[in-house]
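Encoded as structure tokens, the structure appears first; notes follow it.
The values are calculated or read from the model by the stated rules, or taken from the named source; none is laboratory data. Quick caveat, the model's predicted, so the values are computed rather than measured. As a convention, Cβ positions derive from the backbone with ideal geometry for all residues, glycine included, and neighbour counts pool all protein chains shown.
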Amino acid sequence: MGAFYCAVCRQTDFSGKGHIYGKSHQSRLKVVLVKFLDKVREARRTLKCPQVEKFDASQHEAKFWCYCCEVEVQKHVTDGRVAVLHGGLLEHMSTQEHRKNTNAFWWRNKADHKHKEKFIITEQETDRFKEEVAKALGQYEEKEDTLIKEQAALIRSQEQHRLEVLQALIEVCVPAVKQHLVPSCSSPLNRSSRTSSRRLARVQCRRDVFTVN
């Protein structure tokens with residue numbers, strides 16, 4: 001018997017294709033399918049209620065490994081601004097290529113046929129998902145618009161409050177500063193001015209007397 005590489009077990013077996021009937025292979029296959037099915041079920045829960053979120057590169061650029069197609073696929077769908085959670089996984093599993101590869105995977109690994117359809121998204125499910133995604137995107141945009149308006153209103157309110165506080169400070173502080181700068185009646189400068197005025201008045205009076213005489 002020739003060497004046989006098993007992608008599920010990730011090893012080369014020299015017992016040939018009889019390896020796939022072995023207990024070790026079937027046990028490993030079960031673990032792989034259970035792990036894969038958990039991701040599929042999580043994605044399926046969003047078919048009727050898609051989740052749309054603001055794009056976050058640390059979360060929405062994740063990928064998953066499709067054991068049936070033996071390729072890495074984008075888990076979510078995004079345009080760089082928003083992301084549809086699990087959209088990439090659902091889209092991939094609805095393709096004809098994935099269906100063909102799933103059939104081949106089941107036949108090649110002698111997997112239980114009653115579970116095969118769980119790993120395939122039908123055309124009807126895909127159409128319904130697209131309709132729900134359109135609605136979810138519309139609702140997301142409305143929420144974003146509302147949030148932007150609320151933030152703008154808050155900024156205007158804060159700016160108005162700042163201007164009111166500034167105006168109040170001006171009304172209180174400016175008169176006080178002016179009063180501090182104008183000399184009072186009892187100040188030395190004011191007394192000196194009054195004394196000089198009286199002296200000038202007396203001199204002018206004397207001049208008037210001499211002029212009359």
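Number of residues in the stretch 72-82 that are surrounded by fewer than 18 Cβ atoms within 10 Å (Cβ to Cβ), assigned to a loop (DSSP other than H, G, I, E, B) and of a type in the set (D, E, K, R) equals 2. How many residues does the stretch 5-16 contain that are assigned to a loop (DSSP other than H, G, I, E, B) and not charged (D, E, K, R)? Of the residues in that region, 5 qualify.
Please state which one of Glu117, Glu144 is assigned to a helix (DSSP H, G or I) and within 18 Å of Arg41 (Cα to Cα). Break it down stepwise before answering.
Working: Glu144 fails: within 18 Å of Arg41 (Cα to Cα).
Checking each option against the conditions leaves just Glu117.
Going through the stretch 20-34 one residue at a time, which ones are without any contact (Cβ under 8 Å) to a residue 40 or more places away in the chain and hydroxyl-bearing (Ser, Thr, Tyr)? If you could, list the steps in order and put the result at the bottom.
Here is the first cut: in the stretch 20-34, the residues without any contact (Cβ under 8 Å) to a residue 40 or more places away in the chain are 22-24, 27-28, 30-32, 34.
Selection gives Ser24, Ser27.
Can you tell me which residue within the stretch 109-125, out of those that are acidic (Asp, Glu) and touching a residue at least 24 places away in the same chain (Cβ under 8 Å), is nearest to Thr95 (Cα to Cα)? Quick ask: steps written out before the conclusion?
Pass one, the stretch 109-125, residues acidic (Asp, Glu): 112, 117, 123, 125.
Narrowing the set further to residues that are touching a residue at least 24 places away in the same chain (Cβ under 8 Å) leaves 123, 125.
Values: Glu123: 9, Glu125: 12 Å.
Only one residue tops the list, namely Glu123.
Per-residue answers, yes or no, for (1) of a type in the set (Lys, Arg); (2) modelled with pLDDT of 95 or more; (3) within 36 Å of the chain's Cα centre (by Cα):
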{"position": "Val84", "(1), (2), (3)": "no, yes, yes"}
{"position": "Leu90", "(1), (2), (3)": "no, yes, yes"}
{"position": "Thr95", "(1), (2), (3)": "no, yes, yes"}
{"position": "Arg99", "(1), (2), (3)": "yes, yes, yes"}
{"position": "Ala104", "(1), (2), (3)": "no, yes, no"}
{"position": "Arg108", "(1), (2), (3)": "yes, no, no"}
{"position": "Asp112", "(1), (2), (3)": "no, no, no"}
{"position": "His115", "(1), (2), (3)": "no, no, no"}
{"position": "Gln124", "(1), (2), (3)": "no, no, yes"}
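How many residues are under 25 Å from Ser27 (Cβ atoms) and either free of Cβ contacts under 8 Å to residues at least 40 places away in the same chain or part of a helix (DSSP H, G or I) (or both) when one looks only at the stretch 59-71? Even if it seems obvious, please write down each step before you answer.
Here is the first cut: in the stretch 59-71, the ones under 25 Å from Ser27 (Cβ atoms) are 64-71.
Pick out the ones that are also either free of Cβ contacts under 8 Å to residues at least 40 places away in the same chain or part of a helix (DSSP H, G or I) (or both) and you get 64-66, 69, 71.
So the answer is 5.
Looking for something farther than 30 Å from Met93 by Cβ, in contact with a helix residue (DSSP H, G or I) (Cβ under 9 Å, 6 or more places away or on another chain) and at pLDDT below 70 - is there at least one such residue anywhere in the stretch 186-200? So that I can check it myself, show each step before the final result.
In the first step, residues of the stretch 186-200 are kept if they are farther than 30 Å from Met93 by Cβ; the result is 186-200.
Narrowing the set further to residues that are in contact with a helix residue (DSSP H, G or I) (Cβ under 9 Å, 6 or more places away or on another chain) leaves none.
For the stretch 186-200, residues farther than 30 Å from Met93 by Cβ, in contact with a helix residue (DSSP H, G or I) (Cβ under 9 Å, 6 or more places away or on another chain) and at pLDDT below 70: absent.
Among the residues of the stretch 11-26, is there at least one that is under 25 Å from His98 (Cβ atoms) and loosely packed, with under 11 Cβ neighbours inside 10 Å? No, every residue in the stretch 11-26 fails to be under 25 Å from His98 (Cβ atoms) and loosely packed, with under 11 Cβ neighbours inside 10 Å. Could you please let me know if Arg128 is under 30 Å from His19 (Cβ atoms) and either part of a helix (DSSP H, G or I) or in contact (Cβ under 8 Å) with a residue 40 or more places away in the chain (or both)? So Arg128 fails the test. Identify the residue in the stretch 17-56 that is small (Gly, Ala, Ser) and assigned to a helix (DSSP H, G or I) and, among all such residues, is nearest to Asp79 (Cα to Cα). For the stretch 17-56, the residue satisfying everything is Ala43.
Within the stretch 86-108, restricting attention to residues that are in contact (Cβ under 8 Å) with a residue 24 or more places away in the chain and not in a helix (DSSP H, G or I), the residue that is nearest to Glu42 (Cα to Cα) is His86.
Every residue, every condition in (1) surrounded by fewer than 17 Cβ atoms within 10 Å (Cβ to Cβ); (2) in contact with a strand residue (DSSP E or B) (Cβ under 6 Å, 6 or more places away or on another chain), yes or no:
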| residue | (1), (2) |
| --- | --- |
| Thr46 | no, no |
| Glu61 | yes, no |
| Glu70 | yes, no |
| Val84 | no, yes |
| Glu91 | no, no |
| Thr95 | yes, no |
| Ile121 | no, no |
| Glu125 | yes, no |
| Ala136 | no, yes |
